[in-house]
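Novice: This is the structure, below, for whatever I ask next.
The values are calculated or read from the model by the stated rules, or taken from the named source; none is laboratory data. None of these values were measured; they are calculated from a predicted model. We place every Cβ from the backbone using ideal geometry, glycine too, and count neighbours over all the protein chains shown.
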Amino acid sequence: MYWFFRLKLLPYLPFLINEASGIRRKGIKLPSIAENLSLGSGTSTLLILGESTASGVGASSQENTLAGNFHRILGTSWEIKNIGKNGLKAGSAYDYYKNSDYLPSGKISGLVLFLGANDCFKLTAPSVFHQQLKSLIDQISSELHPDWIYLADIPPVHLFPAFSFRMRSFLKEQRNFLQKEMTELSREHLNLIFEPISLDLSPDFFSQDQIHPSDLGYQKIAEFAVDGIRRAGFI
């Protein structure tokens with residue numbers, strides 16, 4: 001149960017906070033290169049909304065971001081609208097989306113959400129995460145009427161090389177709690193796809209900061225997502 005996890009975590013919090021502060025202070029700081037991006041001019045529109053992965057932290061160019069890879073894989077019949085922000089949580093995603101200058105002008109074909117890592121880091125309660133994510137999906141769906149929604153799995157924060165074993169252990173538990181809420185949301189929405197990510201996380205999957213994906217990592221994430229959407233029969 002989640003309350004027991006929080007109780008178990010409590011004695012270690014000062015050490016984990018100190019570790020996180022040290023990583024932010026001393027770690028390599030990579031820029032976001034795709035916070036607001038529009039690619040292609042096809043008749044089908046895909047909206048990507050999310051955290052640092054959507055904003056392209058760790059990629060060497062816009063072509064190698066998630067948006068760039070989706071554009072390459074899906075082809076010229078698609079328009080890709082990308083809205084991302086490093087540090088974005090589920091609870092603030094809708095407001096950030098509404099304030100973007102890159103909003104689609106009408107109905108979209110697909111919505112791809114990359115959220116959850118920061119809700120792991122900030123220890124968002126599972127019930128709160130569920131409600132915030134549900135509200136985000138419902139609000140965007142009522143405005144843009146996507147034919148399908150792909151809810152990307154939370155990045156494997158418990159495998160990030162930059163973190164200590166102790167931090168990775170607690171992040172794994174937090175991630176498991178939030179993943180269960182995402183699974184439940186996929187049961188509540190017939191047009192929503194969610195599947196646990198399954199990738200070979202070799203050292204070259206990560207960028208210089210040992211947290212965010214490299215160009216290869218972004219390619220693998222995008223290919224995994226598109227394969228899942230295809231398996232569901234939506235594209």
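Novice: In the stretch 143-191, which residues are over 29 Å from Ser202 (Cα atoms), of a type in the set (A, V, I, L, M, F, W, C) and not in a helix (DSSP H, G or I)?
Specialist: Hits for the stretch 143-191 are Trp148, Leu190.
Novice: Name the residue that is surrounded by the most Cβ atoms within 10 Å (Cβ to Cβ), counting only residues in the stretch 14-52 that are touching a His at 6+ places or on another chain (Cβ under 7 Å) and not hydrophobic (A, V, I, L, M, F, W, C).
Specialist: Ranking the qualifying residues of the stretch 14-52, first place goes to Ser52.
Novice: Residues of the stretch 43-68 being among the polar types (S, T, N, Q) and over 15 Å from the mean Cα position of the chain (by Cα), which ones?
Specialist: Thr43, Ser44, Thr45, Ser60, Ser61, Gln62, Asn64
Novice: Return the pairs, sorted by first residue and then second, in which the second residue is among the β-branched types (Val, Ile, Thr), the first residue lies in the stretch 179-192 and is at pLDDT 95 or above, the beta carbons are less than 8 Å apart, and the residues are 6+ apart or on different chains.
Specialist: Gln179/Ile154; Met182/Ile154; Leu185/Ile137; Ser186/Ile193; Asn191/Ile149; Leu192/Ile137; Leu192/Ile149
Novice: Is it the case that Ser60 is assigned to a loop (DSSP other than H, G, I, E, B), surrounded by fewer than 16 Cβ atoms within 10 Å (Cβ to Cβ) and at pLDDT 95 or above?
Specialist: For Ser60, the condition - assigned to a loop (DSSP other than H, G, I, E, B), surrounded by fewer than 16 Cβ atoms within 10 Å (Cβ to Cβ) and at pLDDT 95 or above - is met.
Novice: Now for a different question. Just need a number here: residues in the stretch 73-95 that are in contact (Cβ under 8 Å) with a residue 24 or more places away in the chain and either among the small types (Gly, Ala, Ser) or in a helix (DSSP H, G or I) (or both).
Specialist: Residues in the stretch 73-95 being in contact (Cβ under 8 Å) with a residue 24 or more places away in the chain and either among the small types (Gly, Ala, Ser) or in a helix (DSSP H, G or I) (or both): 10 in total.
Novice: Name the single residue, out of those in the stretch 63-79 being over 16 Å from Ser52 (Cβ atoms) and touching a Ser or Thr at 6+ places or on another chain (Cβ under 7 Å), that is surrounded by the fewest Cβ atoms within 10 Å (Cβ to Cβ).
Specialist: In this case the residue turns out to be Ser77.
Novice: Can you tell me which of Lys26, Lys85 is among the basic types (Lys, Arg) and modelled with pLDDT of 95 or more?
Specialist: Unique residue meeting the criteria: Lys85.
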